[in-house]
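A.B. asks: The structure under discussion is supplied below as structure tokens; questions concerning it will follow.
The values are calculated or read from the model by the stated rules, or taken from the named source; none is laboratory data. Since the structure is predicted, the reported quantities are computational estimates derived from the model, not experimental observations. A quick note on method: Cβ atoms are made from the backbone with ideal geometry, for glycine too, and the neighbour counts reach across all protein chains shown. We work out accessible area using only protein heavy atoms, side chains counted, and drop any ligands, DNA or RNA first. Shrake-Rupley method; radii C 1.70, N 1.55, O 1.52, S 1.80 Å.
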Amino acid sequence: VPPAYSAIKVGGQRLYKLAREGKTVNPPARMITIYSIDVVSFEQNELVMDVSCSKGAYIRSLCRDIAHALGTVGTMSALRRTAACGWTVENAVFPDSERLSDSIIPIDSVLCDMPEYHPEQFFETLLSNGCAVDTKKLRGLPQETCKVYGKAGLIGIGKTADTADGTVFKLVTHL
């Protein structure tokens, strides 16, 4: 179960906003996978662990749940992400590094878990100009937020929305 202070939306509101207003909301549980948990150290009631998990996992919730299973309470005091989307901290480059220009990667490569959509030229033009397009007119449209490509490459991130006129697809981020 995600923590109360998270960016998940419930009823159109971010949980952290509701929590700051003093409202109690029970966020829905979500399925995640914990591939491994390795204890790095345990000294003076402080556990340091290395966790490998699927996307959608909240390490704060994992800490809470481990403490609860042990019959106590616990909180996360630090988090260091060492791998995400195929990259590891060993691949990181400092901004002042001489290797910086050799390390620049295409922006869409960080969106590796997001499906792709390649609209026909006519709809690419409409989407690029900020228009919302009736989803019934779009072939092969993913059911979730997706990367949208045109002839020149990535043009933005799109998603569907329900409107008074029906369900439409539009770019929510335009590159």
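A.B. asks: Would you mind working out the accessible area per residue for region 27-134, using a 1.4 Å probe, and quoting it in Å²?
C.D. replies: For region 27-134, the solvent-accessible area averages 77 Å² per residue.
A.B. asks: Next question, about the same structure. DSSP loop trypsin sites (Lys or Arg not before Pro) in region 24-68 with at most 16 other Cβ atoms within 10 Å of their Cβ, which ones?
C.D. replies: The qualifying sites are ARG30, LYS55.
A.B. asks: Oh, and also: Put CYS53, CYS63, CYS146 in order of accessible area, largest first, 1.4 Å probe: what do you get?
C.D. replies: CYS53, CYS63, CYS146
A.B. asks: How large is the Kirkwood hydrodynamic radius of region 129-175, in angstrom, based on all distinct alpha carbon pairs?
C.D. replies: Over region 129-175, the inverse of the mean reciprocal pair distance is 11.0 Å.
A.B. asks: Using the structure shown, select from LYS137/LYS159; LYS136/LYS159; LYS9/LYS159; LYS17/LYS170; LYS9/LYS136 the pairs with a Cα to Cα distance greater than 18 angstrom.
C.D. replies: Long pairs (Cα-Cα over 18 Å): LYS17/LYS170; LYS9/LYS136.
A.B. asks: If each DSSP helix of 4+ residues adds -39,500 (n - 2.57) and the sum is divided by the residues in the chain, what number results at 222 nm, nearest 500 deg cm²/dmol?
C.D. replies: My calculation for the chain gives -4000 deg cm²/dmol from helical runs alone.
A.B. asks: Work out, in µm²/s and without decimals, the Stokes-Einstein translational diffusion coefficient of the chain at 25 °C, 0.890 mPa s, Rh from Kirkwood over C-alpha pairs.
C.D. replies: For the chosen part, D equals 123 µm²/s.
A.B. asks: Pulled fully out, how much extra length does the chain show between ARG20 and ALA92, if you take 0.36 nm times their separation in residues and subtract their Cα-Cα distance?
C.D. replies: Residue separation times 0.36 nm, minus the Cα-Cα distance, leaves 22.5 nm.
A.B. asks: I'd like the accessible area for LEU62: 1.4 Å probe, protein heavy atoms, all chains in place, Å² to the nearest 10.
C.D. replies: Roughly 30 Å² of LEU62 is accessible to a 1.4 Å probe.
A.B. asks: Here's something else I'd like to know. Step by step: find N for region 74-175, compute 2.2 N^0.38 Å, then divide the Cα radius of gyration by it. What's the final number?
C.D. replies: Normalised by 2.2 N^0.38 Å, the Cα Rg of region 74-175 equals 1.41.
A.B. asks: Applying 1/(1 + (r/R0)^6) with R0 = 35 Å to the Cβ-Cβ distance of ILE105 and LEU79, what FRET efficiency is obtained, to the nearest 0.05?
C.D. replies: Efficiency computed from Cβ-Cβ geometry: 0.90.
A.B. asks: How far, in degrees from 0 to 90, does helix 59-69 lean away from the longest principal axis of the Cα atoms of the chain, to the nearest 10?
C.D. replies: 40 degrees
A.B. asks: Roll a 1.4 angstrom probe over the protein heavy atoms and tell me the percent of accessible area of the chain that is carbon or sulfur.
C.D. replies: With neighbouring chains kept in place, the figure for the chain is 52 percent.
A.B. asks: Identify the GluC sites (Glu not before Pro) of region 9-97 meeting these criteria: DSSP loop state and at most 11 other C-beta atoms within 10 Å of the C-beta.
C.D. replies: Here the GluC sites (Glu not before Pro) that fit, given the DSSP loop and packing criteria, are GLU21.
A.B. asks: Count neighbours as other Cβ atoms within 10 Å of each site's Cβ, and list the trypsin sites (Lys or Arg not before Pro) in region 132-163 that are DSSP loop with at most 11 such neighbours.
C.D. replies: Here the sparse-neighbourhood loop sites are ARG139, LYS151.
A.B. asks: A further question follows. Given H placed 1.01 Å from N in the peptide plane, which residues other than close sequence neighbours of ARG14 have an amide H under 5 Å from its amide H?
C.D. replies: Residues meeting the criterion, in which the H sits 1.01 Å from N, do not exist here.
A.B. asks: Calculate, in nm to one decimal, what GLU43 and ALA7 gain on full extension: separation in residues at 0.36 nm each, minus their alpha carbon distance.
C.D. replies: My answer for the length gained is 9.8 nm.
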